[in-house]
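Here is the structure we will look at.
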Amino acid sequence: MDKPTFNAHTPDGELVTAAVAGSQKALTLLIKRHQDWIYNLAVNFTGNTAWAADLTQEVLIKLLTKLSSFRQESEFRTWMYRLVKNHFLNMKRGKYASDQLSFEQFGAGLDQLPDAAVPRLENEVEEKLLVKEAKISCMKGMLLCLDREQRMIFILGELFEFTDTVGSEIMEISKANFRVRLHRARQQLYNFMDGKCGLVNKQNACRCARKTAAFVRMGYVDPVRRLFQQNRISDIASAVQQKVDDFAGAVTEQYQQLYQEHPFVSSPDQVAFVKELMISPAMRKTFDLGEEPQ
């Protein structure tokens with residue numbers, strides 16, 4: 001009997017069925033297809049690329065242990081994001097998280113940072129990239145002022161543009177509740193930005209270039225590695241197939257556009273990590289993935 005052929009267009013459900021039956025190729029394709037989305041969600045949820053990489057591995061371990069329980073009663077991605085949501089919201093306080101600041105505390109912290117010239121680099125392009133890194137770092141810091149549930153709903157509904165049908169299924173709440181909570185998260189974040197951030201409201205004093213030197217000095221920005229821009233694939237808007245030209249110009253839409261312009265980056269490749277887990281028969285039995293990898 002011929003072995004099934006898998007490719008980039010094979011539906012998730014077929015890959016899951018084959019992976020549970022022991023196909024390592026199907027499992028590899030499944031991981032490659034979804035690891036970037038898990039990682040980018042984690043980057044926005046934690047504001048820290050190292051933590052995001054660790055979280056992605058933890059989620060993939062959990063996905064492996066539960067893969068055989070996927071009954072294909074919903075889309076695999078919806079099922080996967082629900083697993084991600086539960087892991088992120090239920091992890092212990094203090095793990096992969098700094099102390100949560102209120103928007104008022106975050107704003108006061110920005111005010112206290114001294115203005116200074118952008119650190120001199122080799123060329124003007126490098127300096128612009130450094131300021132961009134500071135902008136991304138600051139905006140991801142603002143996201144951390146939302147509580148965990150608000151942050152998750154904001155990332156799903158505003159950045160990834162999941163519909164209320166999908167978002168409510170992931171969050172396990174009603175569609176109306178999902179819309180209300182998304183509205184509140186957007187309102188809190190964008191009201192703060194409109195009162196403090198100078199990216200859209202030019203009357204505000206805060207400018208990314210003025211704070212870049214302080215961000216570098218305090219360790220919030222790595223001027224060499226520029227962690228939030230490494231391994232860029234596209235921007236978030238392109239990843240979710242949302243054209244920037246579609247925005248009508250309202251203030252909230254301008255702030256959404258700022259977030260969707262953040263890089264959508266490739267995850268550290270988790271395939272080797274997963275293969276390592278699957279070396280021993282005992283480990284495969286633990287993960288309930290069949291007897292022999294194919």
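The values are calculated or read from the model by the stated rules, or taken from the named source; none is laboratory data. In this text, all values refer to a predicted model and were calculated from it rather than measured experimentally. Because the Cβ atoms are built from the backbone with ideal geometry, glycine has one as well, and the counts that use them run over all protein chains shown.
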*Within the stretch 93-101, is even one residue on the phi < 0 side of the Ramachandran plot, at pLDDT 85 or above and in a helix (DSSP H, G or I)?*
no
*asked:* Please pick out the residue among 134, 108 that is of a type in the set (Gly, Ala, Ser), within 24 Å of the chain's Cα centre (by Cα) and part of a helix (DSSP H, G or I).
replied: 134
*Does residue 53 satisfy being surrounded by 15 or more Cβ atoms within 10 Å (Cβ to Cβ), at pLDDT 90 or above and more than 29 Å from residue 226 (Cα to Cα)?*
no
*Working only within the stretch 172-181, note down all residues that are out of contact with any helix residue (DSSP H, G or I) (no Cβ under 6 Å at 6 or more places or on another chain), part of a helix (DSSP H, G or I) and among the hydrophobic types (A, V, I, L, M, F, W, C).*
176, 180
*Only one residue in 172, 161 is among the acidic types (Asp, Glu) and under 15 Å from residue 262 (Cβ atoms), so which one is that?*
161
*Identify the residue in the stretch 112-131 that is assigned to a helix (DSSP H, G or I) and without any contact (Cβ under 8 Å) to a residue 24 or more places away in the chain and, among all such residues, is farthest from residue 46 (Cα to Cα).*
124
*Residues satisfying the stated conditions in the stretch 165-185, i.e. buried (at least 19 other Cβ atoms within 10 Å of the Cβ) and touching a residue at least 12 places away in the same chain (Cβ under 8 Å)*: 166, 167, 169, 170, 171, 178, 181, 182, 185
*Do we have residue 154 as of a type in the set (A, V, I, L, M, F, W, C), within 18 Å of residue 257 (Cβ to Cβ) and modelled with pLDDT of 90 or more here?*
yes
*Within the stretch 121-169, track down each residue that is small (Gly, Ala, Ser) and out of contact with any Phe, Trp or Tyr (no Cβ under 6 Å at 6 or more places or on another chain).*
141, 157
*If you scan the stretch 1-53, which residues turn out to be under 16 Å from the mean Cα position of the chain (by Cα) and hydroxyl-bearing (Ser, Thr, Tyr)?*
39, 46, 49
*Could you figure out which of (1) under 19 Å from residue 166 (Cα atoms); (2) outside any loop (DSSP other than H, G, I, E, B); (3) not β-branched (Val, Ile, Thr) isn't true of residue 74?*
(2)
*asked:* Checking residue 38 against (1) buried (at least 17 other Cβ atoms within 10 Å of the Cβ); (2) more than 18 Å from residue 154 (Cβ to Cβ); (3) among the β-branched types (Val, Ile, Thr), only one condition comes out false. Which one?
replied: (2)
*So which helices (runs of 4 or more DSSP H) are wholly in the stretch 1-71 and hold at least 1 residues that are outside the structural domain of residue 138 (by TED's automatic domain parsing), within 23 Å of residue 161 (Cβ to Cβ) and without any contact (Cβ under 8 Å) to a residue 60 or more places away in the chain?*
24-46, 49-66
*Elements of type helices (runs of 4 or more DSSP H) contained in the stretch 182-288, each with 3 or more residues being at pLDDT below 90 and touching a Phe, Trp or Tyr at 6+ places or on another chain (Cβ under 6 Å)*: 251-260
